[in-house]
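Student: I am attaching a structure below and will ask some questions about it afterwards.
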Amino acid sequence: DAGITQSPRHKVTETGTPVTLRCHQTENHRYMYWYRQDPGHGLRLIHYSYGVKDTDKGEVSDGYSVSRSKTEDFLLTLESATSSQTSVYFCAISETGRTGELFFGEGSRLTVL
Amino acid sequence: RKEVEQDPGPFNVPEGATVAFNCTYSNSASQSFFWYRQDCRKEPKLLMSVYSSGNEDGRFTAQLNRASQYISLLIRDSKLSDSATYLCVVNMNTGNQFYFGTGTSLTVIP
């Protein structure tokens, strides 16, 4: 299995609080992604990174920010969590991006009350 | 319109049956195609890549039809362990973004 870990795995928080999810990889892959998965919507891309300090928005980026200061770490921040951000968040990595497969972390389950 | 569309199912089939899933994509310039499998409350894992010439891996066969913009997955001799959600994934030629279908749920019944 690809060396990719997410933390925390479970979190319950209140509306308006900041939340940071961390994705850590040991594969030295260039591309890293944050997805959210919700019933009826499948996996939707929030943000992705194609290198250190190089990031871009996905289809559902509003309310989220990301940072990648090292190859191995990709952080997803919810500046002020809302109930609509209750979801399962998956980090994924890819060595080659466009043609390569994605390897996923185990997911982080976030509940915003 | 969604970039990738799948029939959500559920498909309930007896052991030993053959089942087929289809998926359509909207961007004709899409480059790469995959089928992922996701077990309940787990992360998605690659089942197989899909090539223009079609490819087979044991009981699983994947086909790509670029003219009609659809991808198929055929599972022969279904096993109980095949019960999962199958996700169609497409990489558009607009950057390094992978787009997922909503998934098709399969339950294989004894």
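Student: Give me the percent relative contact order of the stretch B:47-90, please, defined on Cα pairs under 8 angstrom at least 6 residues apart.
Tutor: Computed value for the stretch B:47-90: 26 percent relative contact order.
Student: Mind checking A:103-109 for the average number of partner chain beta-carbons within 10 Å of each residue's beta-carbon?
Tutor: 3
Student: Can you work out the Karplus-derived ³J(HN,Hα) for every residue in the stretch B:17-25? Use 6.51 cos²θ - 1.76 cosθ + 1.60 with θ = phi - 60°, whole Hz, and x for glycine or proline.
Tutor: Listing the rounded values in order: 6, 9, 9, 10, 10, 10, 8, 10, 10 Hz.
Student: At R0 = 30 Å, how high is the FRET efficiency between A:ASP62 and B:GLN31 if r is their beta carbon distance? Nearest 0.05 is fine.
Tutor: 0.65
Student: Could you please tell me the mean projected area of the C-alpha convex hull for the protein assembly as shown, averaged over all directions and given in square nanometres to one decimal?
Tutor: The number I arrive at for the protein assembly as shown is 12.1 nm².
Student: A follow-up question, please. For chain A, with a Gaussian network of springs between Cα atoms less than 10 Å apart, report the residue from A:GLY63, A:GLY40, A:GLY16 with the top mean-square fluctuation.
Tutor: Evaluated over chain A, the most mobile residue of the options is A:GLY40.
Student: Given a cut-off of 20 Å, name the pairs among A:LYS57/B:LYS2; A:LYS11/A:LYS53; A:LYS11/B:LYS45 whose C-alpha atoms lie farther apart than that in the structure shown.
Tutor: The answer is A:LYS11/A:LYS53; A:LYS11/B:LYS45.
Student: List the relative contact order of the stretch B:27-110 as a percent without decimals, with contacts defined as Cα pairs under 8 Å and 6+ residues apart.
Tutor: The normalised contact order for the stretch B:27-110 reaches 30 percent.
Student: A follow-up question, please. I need the shape label for chain B. Rule: rounded when a/c is under 1.5, else prolate if a/b > b/c, else oblate, with a, b, c from the alpha carbon gyration tensor.
Tutor: Note, shape of chain B comes out prolate.
Student: Over all residues in A:35-44, what is the mean tally of Cβ atoms on other chains that come within 10 Å of each residue's Cβ?
Tutor: Mean shielding by partner chains, rounded to a whole number: 5.
Student: Of B:PHE11, B:ILE75, B:SER32, whose Cα points farthest to the positive end of the dipole of the stretch B:1-81 (charges on the beta-carbon: +1 Lys, Arg; -1 Asp, Glu; origin at the Cα centre)?
Tutor: The one lying farthest along the dipole's positive direction is B:SER32.
Student: To continue, here is another question. Cα extents of chain A along the three principal axes, largest first, in whole Å?
Tutor: 37, 29, 24
Student: I'd like to compare B:48-58, B:65-75, B:96-106, B:33-43: which one has the highest average count of other Cβ atoms within 10 Å, and what's the full order after that?
Tutor: B:96-106, B:33-43, B:65-75, B:48-58
Student: Net charge around B:TYR99, counting only other residues with Cβ within less than 11 Å of its Cβ (Lys, Arg = +1; Asp, Glu = -1)?
Tutor: In short, -1.
Student: Then there's this: Taking 8 Å as the Cα distance limit and 6 or more residues as the minimum spacing, I'd like the relative contact order of the stretch A:27-113 as a percentage.
Tutor: Reported relative contact order: 29 percent.
Rule-based calculations on the coordinates, nothing more; no lab input. A quick note: this is a predicted structure, and the numbers were derived from the prediction, not measured. Glycine also receives a Cβ, built like all others from the backbone with ideal geometry; neighbour counts cover every protein chain displayed.
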